[in-house]
Amino acid sequence: MSYIYNNLNLIDLNDYPVSWWEKLLDLGHKILTDPEAYAESCKGKIMGTLFYEPSTRTQMSFQTAMLRLGGTIIGFDNPATSSVAKGENIKDTTKIVSGYADIMVMRHPVAGSVKAAALTAGCPVINAGDGGHLHPTQTLTDLLTLKEEKGTLEGLTIGLCGDLKNGRTVHSLIKAMSCFKGTNFVLISTPELALPAYIKDIFSAGGHKFKEVTSLDKAVGELDVLYMTRIQQERFTSREEYEKQKGCYILDNKKMAAAKKDMIVLHPLPRVDEIAIEVDDDPRAMYFKQAKYGMYIRMALILTMLEGRDKPAPLITGRVRRHHNCANPLCITHKETYLPHYFRGDGSLLECEYCDERTLAE
Ligand code: NCD
């Protein structure tokens, strides 16, 4: 069986250098100032959107992005209406769709699933969210919003609040922001929803300042950016556990009164109850504008990937270890058992190539 096509894929933003992201952000800025100039840029091209998990913004902004570039779209937003319902595996579904489409966007509830698809797909694959793992195109959206609204990506004190354990947007954003000088992270969560260790290690590796706090009230005054997130109900193993965490952070006008005059509030959306509706009228509430930036940056991404002039990032840098299993029960290797078990590292700690979780070498 042949694995690893050499396409330009976007699985994890950090697979590419910061200069590549900056090129995308510049193109996103150009597109948002003159979208009509790009109305025919993808004429004749087809994008496949494979959404195995619910989505409003990501799916629709990808679809409108392609349509605004003059291309067309195919795909499903409910796997129950595709052959997935008959038991088809990811490899077969994505291999087939990549034969029909020029580019493929995929969201799936299991960590590492989009990388698994990219191994055998015959066209570029974009990760639109893989379980609680990563969400690189939301991060591109967040970076464009920060650049347009704060004028810089350096020296920002950013508070991330809510479900830091399961929030893939948080994981991707931290990985990206830790590549910019002077980022100061304030992690606001309950101990149960704290950031996974493998993400926290990024701070020490990059020498970034970070602190973990439980009170939003106490932290809000020092922030340049407040990134609110939803408690990820669908990632909890039991309803009781979710009920204990539900409603733990609610941003309202009273808390906003203690924030800096130029702090901005971001949220990948959807919101449940973590931002009171009254905050929407505050000029610092940027989340609806943020969602629109998402469409422009996705236009820039589709264009860049279809041009194919950039060097593809290697999908796999480690090697197959037949007798090792990933320690993360939510990793795709436990669901799609035909997948080769790729790990990075040679020491006592191996890193799963699909979900990045660490496993002790036996
Ligand atoms: C996020 C996601 O799907 O991870 N939404 C999005 O893509 N804008 C955040 C969430 O669902 O809470």
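The values are calculated or read from the model by the stated rules, or taken from the named source; none is laboratory data. Please read these numbers as outputs of a predicted model, since none were measured by experiment. All Cβ positions, even for glycine, are placed from backbone atoms using ideal geometry, and neighbour counts span all protein chains on display. Surface accessibility is based on the protein's heavy atoms, side chains included, excluding ligands, DNA and RNA. Shrake-Rupley method; radii C 1.70, N 1.55, O 1.52, S 1.80 Å.
Within the range 90-125, list the residues whose amide N lies under 20 Å from a label point set 7 Å along Cα→Cβ of ALA80. Those under the cut-off are 90, 107-110. The shape of the chain comes out oblate: with a ≥ b ≥ c from the C-alpha gyration tensor, a/c is at least 1.5 while a/b does not beat b/c. Note on the chain: GNM, Cα springs under 10 Å; of GLU274, GLU148, GLU243, the largest mean-square fluctuation is that of GLU243. Could you tell me which of rounded, prolate or oblate describes the range 258-362, using a ≥ b ≥ c as the square roots of the eigenvalues of the alpha-carbon gyration tensor, with rounded for a/c under 1.5 and, failing that, prolate when a/b is larger than b/c and oblate otherwise? Judged from the Cα gyration tensor, the range 258-362 comes out prolate (a/c at least 1.5, a/b above b/c). Our estimate of slack between LYS289 and LYS209, defined as 0.36 nm per intervening residue step minus the Cα-Cα distance, is 25.9 nm. On the chain, 51 percent of the accessible area sits on carbon and sulfur atoms, based on a 1.4 Å probe. Remark: the range 240-256, residue by residue, has Karplus-estimated 3J(HN,Hα) of 4, 4, 5, 4, 5, 9, 3, x, 6, 10, 10, 8, 10, 4, 4, 5, 4 Hz, where x stands for each Gly or Pro and the curve is 6.51 cos²θ - 1.76 cosθ + 1.60 at θ = phi - 60°.
Charged side chains reduced to their Cβ positions (Lys and Arg at +1, Asp and Glu at -1) give the chain a dipole of some 400 debye around its Cα centre. Residue order by solvent-accessible surface for PHE236, PHE343, PHE210 is PHE210, PHE236, PHE343, largest first, with ligands and nucleic acids left out and a 1.4 Å probe. Computed packing ranks the peptides 64-72, 28-36 as 64-72, 28-36, most packed first, by mean other Cβ atoms within 10 Å.
Under 5 Å between amide hydrogens, built in the peptide plane, is the criterion, and for GLY75 it picks out THR49 among residues at least 5 positions away or on other chains. Annotation for ASP201 and LEU360: the two label points, set 7 Å from Cα along the Cα-Cβ direction, are 1.5 nm apart. Over the chain, DSSP H runs of length four or greater, each weighted -39,500 (n - 2.57), average out per residue to a 222 nm ellipticity of -10000 deg cm²/dmol. Taking 7 Å steps out from each Cα toward its Cβ at MET60 and ASP252 produces label points 2.9 nm apart. Average accessible surface for the range 102-192: 18 Å² per residue, computed with a 1.4 Å probe over protein heavy atoms with every protein chain in place. Amide H to amide H, with H built 1.01 Å from N, LEU10 comes under 5 Å of VAL125, ILE126, ASN127, counting only residues 5 or more places away or on other chains. Structural descriptor for the chain: relative contact order 19 percent, calculated from alpha carbon pairs under 8 angstrom and at least 6 residues apart. Counting only whole DSSP H helices of the chain, the ones at least 27 Å long by C-alpha along their axis and with mean Kyte-Doolittle hydropathy no lower than -1.0 are 287-307.
Unpaired Cys in the chain, meaning no second Cys C-beta under 4.7 Å: CYS42, CYS123, CYS161, CYS179, CYS248.
What the Cβ-Cβ distance of LYS261 and VAL320 gives, at R0 = 56 Å and to the nearest 0.05, is a FRET efficiency of 0.55. Between amide H atoms placed 1.01 Å from N, distances below 5 Å from THR157 occur with ASN184, ASP224, VAL225, all of them 5 or more places distant or on a separate chain.
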